[in-house]
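Beneath this line is the structure, given in structure tokens, with notes to follow.
The values are calculated or read from the model by the stated rules, or taken from the named source; none is laboratory data. Predicted model only: the values in this text are computed from it and were never measured. Reconstructed Cβ throughout: ideal geometry from the backbone, glycine too, with neighbour counts over all protein chains shown.
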Amino acid sequence: MKKFFLLAISLFFLTGCNSYTELNQLGIVSLVGIDYQEENYHVYIYLVEPQEETTALTSYNAEGSSIEEAMHQLYLKSNKKMYLAHMDALVLSKEAIDEKLKEIVTYLLNQREIRNNFELMEVDSLNKLFEEKKGAQELIELVHTNENYMGTTQSITFEKFLENLLIDTNTTIPLLSFNKELKVEGLSLIHNFQTIDTLSTEETILLNLLENNLKESIYQEITIYESKTNLEFQKENNLFHIYLEVNQNPSSFSKELEKELRRLLIYYEEQDYDLIKLKQRRKENRLESNATQIKRNFTFDIHIAVRENNLERKK
Amino acid sequence: MKKKTITKFQYFTTFFFLLQMWIPFVGFHSLTRIANQDALFGILLGTLEIFLFSLCIQNIDTYHPNKTLYQKIKDLYPKFSYVLFPFLFSLLLFLLLWITQKMSLFLHSYLTPEIDAFWTMIPLFLILFYFLQKPKEAIFQTTELCFYLYLFLFLLFLFGILPQSNFLRIKPLLSESPSSILQSSFVFFLSYPLSFFLLLYFPKNWLEKKEEQEKTKKKALFLSGLTLFLYLFLILSSLGIYLTNLYKNPLMITYQKISFLNILERVETTLSFSYVLLYFFPLVFLFYHLTSFLKEQFPQIQKKEKTILFLLLLFVLLGSQFFTFSSLFYSSSNILILFFLLFLSLSIRFKKN
């Protein structure tokens with residue numbers, strides 16, 4: 001009897017009815033956009049709403065002096081409980097990054113529901129993007145396709161973004177524009193929670209090449225079939241060994257490419273922006289032991305070996 | 001006839017759980033913030049320090065093997081026991097309040113954010129009320145059963161996180177100064193005296209194979225050290241040192257990353273049950289300590305055992321809602337227990353001589 005009594009009492013506490021939410025009362029957020037204009041946050045969201053046979057995307061937007069206030073305003077407009085655990089992507093405007101990135105990151109870190117594997121992007125006109133109902137999957141696929149088949153951008157998850165910012169305050173974020181249609185524009189370079197520059201799609205290909213992330217691409221009308229880059233750390237120097245397989249003019253392409261790579265590396269070294277995270281990578285390879293050494297500028301050398309693709313040669 | 005002793009394996013699993021309570025009470029971030037990736041060596045060195053400490057206090061177990069810890073204390077310091085006992089009782093009571101508060105915070109933050117933690121703690125305390133009335137054998141059998149569950153959850157974590165791990169993230173190793181590694185090992189070691197204190201209560205004679213007690217303790221110590229090392233190794237290889245230092249509970253963030261073949265995801269709620277076990281057993285043993293202590297010191301309350309237990313549980317449940325503790329409470333309590341155990345061990349040595 002005593003056991004039954006204890007069990008019966010426990011059951012009242014174990015049902016979980018207290019926090020029960022019907023599925024159709026749950027607004028699953030797939031995409032969030034944050035803009036900052038005239039000292040106000042503009043927050044846009046896409047809710048995935050299950051219909052009878054399909055799912056529909058409904059967009060909402062609101063503004064407020066803080067993200068919390070803007071989110072509160074969104075609640076007033078939506079009849080669903082917003083659920084951020086399935087968020088796939090976060091798009092930010094340049095203004096939001098430049099002025100409020102630290103606050104946005106803090107807000108996201110404090111959200112228990114959010115996971116750190118959603119993707120980040122910068123889009124120039126958020127309102128147009130949400131008016132045109134471009135879903136998170138569409139944006140993610142655009143970035144991934146460009147990254148994998150052209151090397152014109154680099155995708156980044158929130159976790160990687162955070163890690164990069166914490167390591168050396170430098171990170172990149174895919175840059176998209178939406179004038180008439182949605183388009184990849186390269187990368188936005190962020191330093192110390194602010195955008196400092198942008199890389200065009202061609203410059204992003206060079207960056208991917210240096211980081212050994214380039215699978216295939218077309219650079220200055222030359223098709224790159226294969227590429228491989230090894231970075232050799234020497235005591236006072238960084239040596240890039242680049243192997244490429246292209247469709248035509250290997251020797252002239254090699255010279256042109258080396259010139260462009262040098263230009264890119266020298267430019268950002270002069271700007272004191274560690275574009276390919278050399279300092280961190282040297283530290284990981286135990287080449288630097290203290291801060292003074294890390295601050296020192298390094299020289300670099302590039303060795304490029306280009307060969308024509310066999311099929312092209314047969315032609 | 002039913003055996004009324006504790007088996008070697010049950011003793012092993014009990015000590016293992018008491019050692020593993022370091023994860024929720026102190027946590028990996030306390031080591032990585034001192035020594036970054038080299039906290040891995042801090043764990044290894046700290047395990048060695050704990051091993052040496054266990055050798056130092058080994059004679060407490062062998063001294064009057066049929067007596068409980070409090071009987072031994074009374075035997076050694078008959079005059080001082082009137083001062084020592086209230087002090088120890090209060091310390092353990094405050095530790096109970098601290099653990100209850102920490103557990104309710106954990107449940108509220110990670111498992112049931114929409115329910116007030118007080119209501120979640122009520123069924124748990126009802127279970128404790130039922131459980132603590134059982135004989136000691138039942139408690140030890142439960143640790144044995146829960147050990148298999150804990151092991152299963154650990155293996156699930158291990159195989160789930162391996163595809164997400166990048167061992168290069170652990171580089172550069174040995175980049176911190178030896179003093180940081182040593183400091184992290186001390187932080188690790190100084191959180192363990194409570195585990196030894198809770199285990200020491202049980203007289204050696206309660207064990208089925210008394211002669212293998214020390215060997216069993218060493219095995220538990222080794223396995224616990226290895227598990228903690230693997231945990232930190234996998235956290236660092238999946239999050240990297242910067243994110244590990246950013247979060248107060250990096251293990252829970254690592255749980256979120258687990259995915260089995262991109263099909264089975266969001267298993268953190270299931271895996272965090274291992275956390276619940278690590279909160280539950282210290283609570284059980286602390287309550288067991290306190291109730292046994294009261295029964296030993298005041299034999300007249302034997303008949304009112306249930307009422308005393310109920311009042312104690314009620315006090316802890318309600319008290320945990322009102323007390324606030326300093327962040328140094330747990331470490332300072334452990335340091336006090338450390339000195340007390342060393343003093344006890346020395347007293348036994350002198351008495352024998």
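For the reader, a short list of remarks on this structure follows.
- Filter pass, B:Leu132 being closer than 19 Å to B:Tyr279 by Cα and either within 20 Å of the chain's Cα centre (by Cα) or within 9 Å of chain A (Cβ to nearest Cβ) (or both): yes
- Elements of type helices (runs of 4 or more DSSP H) in the stretch A:1-117, at least 3 residues being away from chain B (no Cβ under 11 Å), modelled with pLDDT of 85 or more and out of contact with any Asp or Glu (no Cβ under 8 Å at 6 or more places or on another chain): A:67-77, A:94-109
- Residue list for the stretch A:194-226, restricted to those being surrounded by 14 or more Cβ atoms within 10 Å (Cβ to Cβ) and more than 23 Å from the chain's Cα centre (by Cα): A:Ile222, A:Thr223, A:Ile224, A:Tyr225
- Selected residue (criterion: nearest to B:His108 (Cα to Cα)) from residues of the stretch A:118-140 that are surrounded by 18 or more Cβ atoms within 10 Å (Cβ to Cβ) and either of a type outside the set (A, V, I, L, M) or within 14 Å of another protein chain (Cβ to nearest Cβ) (or both): A:Phe118
- Taken across the stretch A:146-153, residues that are among the β-branched types (Val, Ile, Thr), outside the structural domain of A:Arg286 (by TED's automatic domain parsing), in a loop (DSSP other than H, G, I, E, B) and crowded, with 22+ Cβ neighbours inside 10 Å do occur, with at least one present.
- Only one entry of B:Phe322, B:Phe315 meets the criterion of being exposed (fewer than 13 other Cβ atoms within 10 Å of the Cβ) and under 17 Å from B:Leu95 (Cα atoms), and that entry is B:Phe322.
- Single match in B:Pro113, B:Pro172 (criterion: surrounded by 16 or more Cβ atoms within 10 Å (Cβ to Cβ), outside any helix (DSSP H, G or I) and more than 22 Å from the chain's Cα centre (by Cα)): B:Pro172
One line per residue, one yes/no per condition, for (1) more than 11 Å from chain A (Cβ to nearest Cβ); (2) in a helix (DSSP H, G or I); (3) surrounded by fewer than 19 Cβ atoms within 10 Å (Cβ to Cβ):
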{"site": "B:Leu97", "(1), (2), (3)": "yes, yes, no"}
{"site": "B:Leu105", "(1), (2), (3)": "yes, yes, yes"}
{"site": "B:His108", "(1), (2), (3)": "no, yes, yes"}
{"site": "B:Trp119", "(1), (2), (3)": "no, yes, yes"}
{"site": "B:Leu126", "(1), (2), (3)": "no, yes, yes"}
{"site": "B:Tyr150", "(1), (2), (3)": "yes, yes, no"}
{"site": "B:Leu168", "(1), (2), (3)": "no, yes, yes"}
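- Qualifying residue in the stretch B:59-66 (condition: among the aromatic types (Phe, Trp, Tyr) and part of a loop (DSSP other than H, G, I, E, B)): yes
- Contact map, the stretch A:215-235: residues that are touching a residue at least 12 places away in the same chain (Cβ under 8 Å) paired with residues that are outside any loop (DSSP other than H, G, I, E, B) and of a type in the set (Gly, Ala, Ser), Cβ distance under 6 Å, separation 6+ or inter-chain. Pairs shown: A:Ile224/A:Ser217.
- Of the criteria (1) out of contact with any Phe, Trp or Tyr (no Cβ under 9 Å at 6 or more places or on another chain); (2) touching a residue at least 40 places away in the same chain (Cβ under 8 Å); (3) farther than 30 Å from B:Met252 by Cβ, which one B:Thr307 fails: (2)
- Residue that is farthest from the other protein chains (Cβ to nearest Cβ), among those in the stretch B:237-267 that are farther than 17 Å from A:Glu159 by Cα and touching a residue at least 40 places away in the same chain (Cβ under 8 Å): B:Phe260
- Filtered residue count, the stretch A:230-287, keeping only those that are within 14 Å of another protein chain (Cβ to nearest Cβ) and on the phi > 0 side of the Ramachandran plot: 2
- Residue satisfying all of: in the stretch A:154-186; in a loop (DSSP other than H, G, I, E, B) and within 30 Å of A:Arg282 (Cα to Cα); nearest to the other protein chains (Cβ to nearest Cβ) among these: A:Thr169
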